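Worksheet: the structure to be examined is printed underneath.
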Amino acid sequence: MALPKINPTKTQSWKNLLDHYEQNQNKHLRDLFATDPTRGERFSIQWKEFLVDYSKNIITDETLALLVNLANEVGLKDAISSYFQGDLINQTEGRAVLHTALRSKSAEEVLVDGKNVVKEVQEVKQKIKSFSDSVISGTKKGYTGKPFTDIVNIGIGGSDLGPVMVTEALKFYKNHLKVHFVSNVDGDHVQEVLKELDPETTLFIIVSKSFTTQETLSNALTIKKWFLKEASEEHIAAHFVAVSTNLSKIDEFGISQENVFPMWDWVGGRFSLWSAVGLSIALAIGYQNFDDLLSGAHEMDVHFKETDFEENIPVVLALLSVWYNNFYGAETEAIIPYSQYLHRFAAYLQQGIMESNGKSMDREGNRANYQTGTIIWGEPGTNSQHAFFQLIHQGTKLIPSDFIGFRKSLHGDVDHHNKLMANFFAQTEALMNGKNAEEVKEELMGQNLSKEDLDSILPYKIFEGNKPTNTILVEKLTPKNLGALVAMYEHKIFVQGIIWNIFSYDQWGVELGKQLAKNILNDIENSEIGKHDSSTLSLLQFFKK
Ligand code: F6P
């Protein structure tokens, strides 16, 4: 079944939401809390080891009901079925979108073109398991008979960001293997990584779904050359493996078939960490932890597929995001994890969210006359408090923010964790309540200021408050909970794409730059520069001087 093609702004629910916004836009969270002591409890969802409190959003019961109506009116329920059952919902590339099948249980059936893909998925998982077990245990050895000490993941975009984010997030569970990532075509990146490595004990994983990506192939060739300074061609088999759908290109590179981990065109790059793209994850933290990551994501899939919209975490988060993006005119969303382990989480989600929903054509080929994809940014708390929080608190922009925190720390340092979490709770409370003129005045009165000084400083100390936040409080940063957290955002992306009537699973927008870069590389490498605008031309001339 194809996805519905409904312009959301033409729905009755959208019109109702517009009216509702007009009437309620000046409501303040502080008042909403004052008039309803049960608000915190009512606007929260408890699921497994998650408590998602969305009560600090500028909404009422009516807002939520209207947003749920919108989800119903755009056909979200059927769309979810199409997504999970392998319909070709990535219509512009003629593909299914089935990263959920990568974490489904072996007894399940997921059909692509009438074929159950779960069996193949399980086979690749088995291969990941035996390969990672043999490298970790040291039974698999390098060309001089030494066990591996270092792993290098060579890939970019979805073939890099997921593995980097997860290996950093789950560092606590890491074994002795050192994992490195080379992504940028900037030669300084690869050289810095190579500086630390010994070819005899390093395993290279070339990860590229297409196996045509300029950055990845250039880095892979540079690394191969470096390796061959010490070793010879026949040793490549012991040190290079590839993850890709493009088997013939891998062959050309010289990697033997048994060192290939296949993936499928129904797995989008930015949703691929659950496939063999996550091989570096399995190597870094062991297969069992990798499998737990997948199980957590699967549990979130089941929650998303089976729960009523009002109690459905990804659906509620998506609806709230639409509320601010399309009615309040908010353009960005911050993601603030209160865990240093999650320092790459926002960067990872930037690709997932912005490459998916950064679209302006609707599903009927018309330019959307409303806002779509949000801009995502963020850094861990408490560091971000000392960096950009000023703007969230007192700037002119509305920035809905997700606060992600954990009840228990991994190293068990209670003193630090209490301080960290005190900040976590304090920030959302401060953003919600703010501090009004009377409160500031009262505070300043105790400071022996002249009336003149008090009056002049007072406006700067006022916090408007009414800044929306979601609090996602999770028991502990385990592989399973991380898997669920990532899947939660994946499904939020899906819901928003359905509402905005766009295709979330292609990424044509990154192609033009790639094509032009190829032409410009010719201009740089040859004496003649081709036709360009005057700015690009003079920049190229200056560069080539
Ligand atoms: O940036 C575009 C993109 O196609 C991403 O979607 C993808 O994750 C990345 O390039 C890498 O692609 P590949 O895995 O084919 O090398």
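For a straight C-alpha distance cut-off of 21 angstrom, the lysines reachable from residue 435 (same-chain residues fewer than eight places away being disregarded) are 27, 56, 397, 451, 461, 467. Under 5 Å between amide hydrogens, built in the peptide plane, is the criterion, and for residue 470 it picks out 401, 402, 403 among residues at least 5 positions away or on other chains.
Across the chain, C-alpha contacts under 8 Å between residues 6 or more apart give a mean separation that, scaled by the residue count, equals a relative contact order of 19 percent.
For the range 442-529, the direction-averaged projected area of the alpha-carbon convex hull comes to 15.6 nm².
Positive end of the dipole of the chain (Cβ unit charges, origin at the Cα centre): among 222, 155, 92, the Cα lying farthest that way belongs to 222.
For the range 201-344, averaging the sequence separation of C-alpha pairs within contact (under 8 Å, six or more residues apart) and dividing by the residue count gives a relative contact order of 16 percent. Over the range 248-303, the pair-distance histogram of Cα-Cα distances with 5 Å bins from zero comes to 4, 16, 20, 22, 21, 9, 5, 3, 1 percent, rounded to whole numbers.
Could you give the length gained by full extension between residue 451 and residue 218, i.e. 0.36 nm per residue of separation minus their alpha carbon distance, to one decimal place?
Separation in residues times 0.36 nm, less the Cα-Cα distance, equals 77.1 nm.
Here the range 323-397 is treated with +1 on each Lys and Arg Cβ and -1 on each Asp and Glu Cβ, and its dipole about the Cα centre works out to around 20 debye.
Distance from the alpha carbon centroid of the range 204-243 to that of the range 114-135 works out to 22 angstrom. Near the amide H of residue 180, under 5 Å away, which other amide H atoms are found, from residues 5 or more places off or on another chain, if H is placed in the peptide plane? Counting only residues 5 or more places away or on other chains, the set is 151, 152, 153.
Put a plus charge on the Cβ of each Lys and Arg, a minus charge on the Cβ of each Asp and Glu, and nothing anywhere else: the dipole of the chain about its Cα centre is then about 640 debye. Net length available on complete extension from residue 535 to residue 419 is 36.6 nm, with 0.36 nm assigned per residue and the Cα-Cα distance removed.
In the range 336-449, inverting the average of 1/r over every pair of distinct C-alpha atoms gives 17.1 Å as the Kirkwood radius. The calculated P(r) of the chain, using every Cα pair and 10 Å bins from 0, goes 3, 16, 25, 24, 17, 9, 3, 1, 0 in percent.
Among 70, 170, 207, whose Cα projects farthest towards the positive end of the dipole of the chain, with charges put on the beta-carbon of Lys, Arg (+1) and Asp, Glu (-1)? Value computed over the given set: 207. The magnitude of the dipole of the range 102-290, with charges of +1 and -1 set on the Cβ of Lys/Arg and Asp/Glu and taken from the Cα centre, is near 500 debye.
Principal-axis analysis of the Cα atoms of the chain puts helix 214-228 at an angle of about 40° to the longest axis.
Remark: for residue pairs 127/249; 5/518; 127/229; 224/545, the C-alpha separation exceeds 25 Å in 5/518; 127/229; 224/545. When the P(r) is computed for the range 102-290, the part past 32 Å accounts for 9% of the Cα-Cα pairs. Projecting the Cα positions of 263, 286, 185 onto the charge dipole of the range 102-290 (unit charges on Cβ atoms of Lys, Arg, Asp and Glu, taken about the Cα centre) puts 286 furthest along the positive direction.
For a quick check: with amide H placed at 1.01 Å from N, whose amide H comes under 5 Å from residue 361's, ignoring anything fewer than 5 positions away on the same chain? Under 5 Å from the amide H of residue 361: 368. Fully extending the segment from residue 442 to residue 370 would add 21.5 nm, taking 0.36 nm per residue of separation and subtracting the current Cα-Cα distance.
To the nearest ten degrees, helix 479-500 and the longest principal axis of the Cα atoms of the chain are 70 degrees apart. Residue-wise HN-Hα couplings along the range 232-242, as the Karplus relation 6.51 cos²θ - 1.76 cosθ + 1.60 with θ = phi - 60° gives them from phi, are 10, 3, 5, 8, 4, 4, 7, 10, 10, 10, 9 Hz; Gly and Pro carry x. Give the angle, between 0 and 90 degrees and rounded to the nearest 10, that separates the Cα long axis of helix 511-525 from the longest principal axis of the Cα atoms of the chain. Computed tilt is about 50 degrees.
Rule-based calculations on the coordinates, nothing more; no lab input. Note that the coordinates shown come from a computational prediction; the quantities given were computed from them, not determined experimentally. Every residue, glycine as well, gets a Cβ built from its backbone with ideal geometry; the counts of neighbours run over all protein chains shown.
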